[in-house]
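The values are calculated or read from the model by the stated rules, or taken from the named source; none is laboratory data. Since this is a predicted model, take the numbers as computed values, not measurements. Note: ideal-geometry Cβ built from the backbone for every residue, glycine included; neighbour counts use all protein chains shown. To get the accessible areas, we keep the full protein, side chains included, count just its heavy atoms, and leave off ligands, DNA and RNA. Shrake-Rupley method; radii C 1.70, N 1.55, O 1.52, S 1.80 Å.
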Amino acid sequence: MKSISILGCGWLGRPLAVKLLSEGFRVNGSTTTEEKLNQLKQEGIHSWLIKTEATGVVGDWDGFIENADWLLVNIPPAMKKNGSANFVASMQKLCAQIEQSGIQKIILVSSTSVFQDIHQTFTEADVPNPDAENGQALYQVEQIFQNIASAKTTIIRFGGLIGNDRHPVKFLSGRTGIPAPKSVVNLIHLEDCIGIISAVIQGDFCGEVLHGVSAFHPTREAYYTQKAIELNLPIPIFNTNDCFIGKTINSQKLSAQLGYTFLKPEL
């Protein structure tokens with residue numbers, strides 16, 4: 001029986017854990033609260049209280065990682081004062097812990113925010129030059145994980161995350177003066193996030209960088225207007241004088257090398 005330890009069983013990690021359980025994996029999942037710990041246990045996930053802090057890893061790390069074939073790290077930068085700096089420091093401590101643990105295969109969940117928002121199509125071959133604080137922190141962390149000598153890390157950069165209970169149009173609905181109407185969307189559905197991670201594990205796809213973004217790239221204005229109509233929400237009003245055109249993320253490596261076919265190609 002293959003085993004995976006999922007560090008961070010939140011919006012993505014928890015349904016991923018359930019999916020891998022159904023595929024016959026032994027799954028260890030971590031959370032930072034007692035309440036969520038019990039929820040994970042009820043779903044058959046071996047659950048651990050683990051916190052990654054700038055001073056080190058707090059919790060029974062050895063028990064969490066014991067006999068794991070894969071470690072998935074799914075911890076976003078904190079959106080608070082000094083959050084990015086603390087995030088990088090905590091990931092440095094985590095990587096030091098990983099090097100002592102004997103784990104050899106890692107998946108790091110990252111984001112397309114590692115790329116600057118300019119009018120360019122980015123592939124996995126392009127070197128990031130992030131212009132936002134969170135993107136800078138994530139790119140630093142990517143490099144830290146790639147430098148772990150004892151393990152191979154596959155980095156998956158997901159685009160904007162959507163799911164049945166989560167859609168950015170709900171945040172934009174009814175607002176006015178929204179910028180960048182001509183920029184395109186770079187999104188991915190939760191089902192495809194799970195599908196891609198599962199495919200990486202099943203295909204033993206180690207030491208690579210992948211972009212997880214649907215090839216569906218309408219403009220922001222066209223997409224969010226249509227979604228608001230479909231969901232019977234107030235239509236977002238964009239600033240049509242704003243001619244900024246941002247980035248497009250290319251994910252062709254998924255199909256070319258991993259053989260992955262998107263479950264939700266249009267969102």
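Odds and ends about this structure:
- Set side by side, the residues Q104, Q120 differ, and just one is within 21 Å of A68 (Cα to Cα) and not small (G, A, S), which is Q104.
This table checks each residue for (1) modelled with pLDDT of 95 or more; (2) under 30 Å from L21 (Cβ atoms); (3) hydroxyl-bearing (S, T, Y).
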residue: L49; (1), (2), (3): yes, yes, no
residue: I65; (1), (2), (3): yes, yes, no
residue: I75; (1), (2), (3): no, yes, no
residue: M79; (1), (2), (3): no, no, no
residue: Q100; (1), (2), (3): no, yes, no
residue: L108; (1), (2), (3): yes, yes, no
residue: T123; (1), (2), (3): yes, no, yes
residue: V127; (1), (2), (3): yes, no, no
residue: N134; (1), (2), (3): no, no, no
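- Screening Y224 with (1) among the hydroxyl-bearing types (S, T, Y); (2) over 20 Å from the mean Cα position of the chain (by Cα); (3) in a loop (DSSP other than H, G, I, E, B) gives one miss only, at (3).
- Residues that are open to solvent by less than 80 Å² (accessible area, probe 1.4 Å), among the small types (G, A, S) and over 20 Å from E191 (Cβ atoms) within the stretch 216-267 comprise A222, A228, G246, listed in sequence order.
- In the stretch 84-134, the qualifying residues are those that are part of a helix (DSSP H, G or I) and free of Cβ contacts under 8 Å to residues at least 40 places away in the same chain, and the one that is nearest to L187 (Cα to Cα) is S113.
- Residue among I155, I148 that is open to solvent by less than 20 Å² (accessible area, probe 1.4 Å) and either assigned to a strand (DSSP E or B) or within 26 Å of A180 (Cβ to Cβ) (or both): I155
- Residue in the stretch 89-110 that is under 29 Å from E266 (Cβ atoms) and among the acidic types (D, E) present: no
- Output for the stretch 6-30, where each listed residue is more than 19 Å from the chain's Cα centre (by Cα) and aliphatic (A, V, I, L, M): L21
- When the stretch 180-215 is filtered for residues that are within 18 Å of T112 (Cβ to Cβ), open to solvent by 20 Å² or more (accessible area, probe 1.4 Å) and in a loop (DSSP other than H, G, I, E, B), the ones remaining, listed by number, are N186, E208, A215.
- Filter result for Q143 (surrounded by fewer than 14 Cβ atoms within 10 Å (Cβ to Cβ), over 24 Å from I245 (Cα atoms) and free of Cβ contacts under 8 Å to residues at least 60 places away in the same chain): yes
- Filter result for A199 (in contact with a helix residue (DSSP H, G or I) (Cβ under 7 Å, 6 or more places away or on another chain) and touching a residue at least 24 places away in the same chain (Cβ under 8 Å)): yes
- Listed here are the helices (runs of 4 or more DSSP H) enclosed by the stretch 1-76 that have at least 2 residues being touching a helix residue (DSSP H, G or I) at 6+ places or on another chain (Cβ under 8 Å) and open to solvent by 10 Å² or more (accessible area, probe 1.4 Å): 13-22, 61-65.
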